[in-house]
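Here's the structure, in structure tokens; my notes come after.
The values are calculated or read from the model by the stated rules, or taken from the named source; none is laboratory data. As the structure is a computational prediction, the values presented were derived from the model and not from experiment. Cβ sites come from the backbone with ideal geometry, for glycine too, and all protein chains shown count toward neighbours. Heads up: the accessible areas ignore ligands, DNA and RNA and are worked out on the full protein's heavy atoms, side chains in. Shrake-Rupley method; radii C 1.70, N 1.55, O 1.52, S 1.80 Å.
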Amino acid sequence: MSTHVHAQNTGDPTQTSRSIDDAIAAARQMVVERQRPDGSWQERGDMGPFTTALTLVALRSVGQLPSEDLAEGTRWLRARQREDGSYLGRPFASEGDLSATAACWAALSLSDNDLDRTAADRAKDFVDRHGGVAGVAELAGGGDIAAIVCALAGLLDPSVLPTLPLSALL
């Protein structure tokens, strides 16, 4: 299924604003419809918990994340956190991944729930032991988007992000 939204500039700012609002609503609906009953989101490129974390942060950043969806998503993320506070970057990986853990830290930090805050603190500790936010920002130079996820969640100053390669934008 392909959804295309075209906004035509009519010169009327209210019309353009309505078109953008309609596009956001359509995108939100598409994303919400893909949430699994267990609270997770998975897409064609299975990236483990990263996909769910990215979805939660992206929806929150555009004001489209209902509290119930946040609660289901963070519950799912907590269930996948490893003993050392990390998250796997790919299915069948054997050790925690800085990028995936940073994205999950960002998603968990959106919640006021005590269990989510504890899980967020554990993820942050892992990130700190593996280069901290500077290490996450450094990953962006190779096209990794975890730093953008952290910036959207307010955990990383976006001014420290390098210019992304064109391949990451396409």
Item to check | Given (1) under 24 Å from Ser159 (Cβ atoms); (2) open to solvent by less than 20 Å² (accessible area, probe 1.4 Å); (3) in contact with a helix residue (DSSP H, G or I) (Cβ under 8 Å, 6 or more places away or on another chain), number of the condition Tyr87 does not satisfy | outcome: (1)
Checklist entry - Scanning for something open to solvent by less than 60 Å² (accessible area, probe 1.4 Å), modelled with pLDDT under 75 and not in a loop (DSSP other than H, G, I, E, B), does the stretch 31-43 turn up at least one residue? => result yes
Checklist entry - If you go through the stretch 44-80 one residue at a time, how many are at pLDDT 95 or above and among the polar types (S, T, N, Q)? => result 2
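Please return the ranges of helices (runs of 4 or more DSSP H) entirely within the stretch 100-170 where 1 or more residues are open to solvent by less than 10 Å² (accessible area, probe 1.4 Å), at pLDDT 90 or above and in contact with a Gly (Cβ under 7 Å, 6 or more places away or on another chain).
On the way: elements: 114-129, 132-140, 146-152, 166-169.
Here the list reads 114-129.
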Checklist entry - Give me the pairs: first residue in the stretch 140-155 and free of Cβ contacts under 8 Å to residues at least 60 places away in the same chain, second residue outside any helix (DSSP H, G or I) and crowded, with 22+ Cβ neighbours inside 10 Å, beta-carbon distance under 8 Å, and six or more apart or on different chains, which are they? => result Ala147/Leu156; Cys150/Leu156
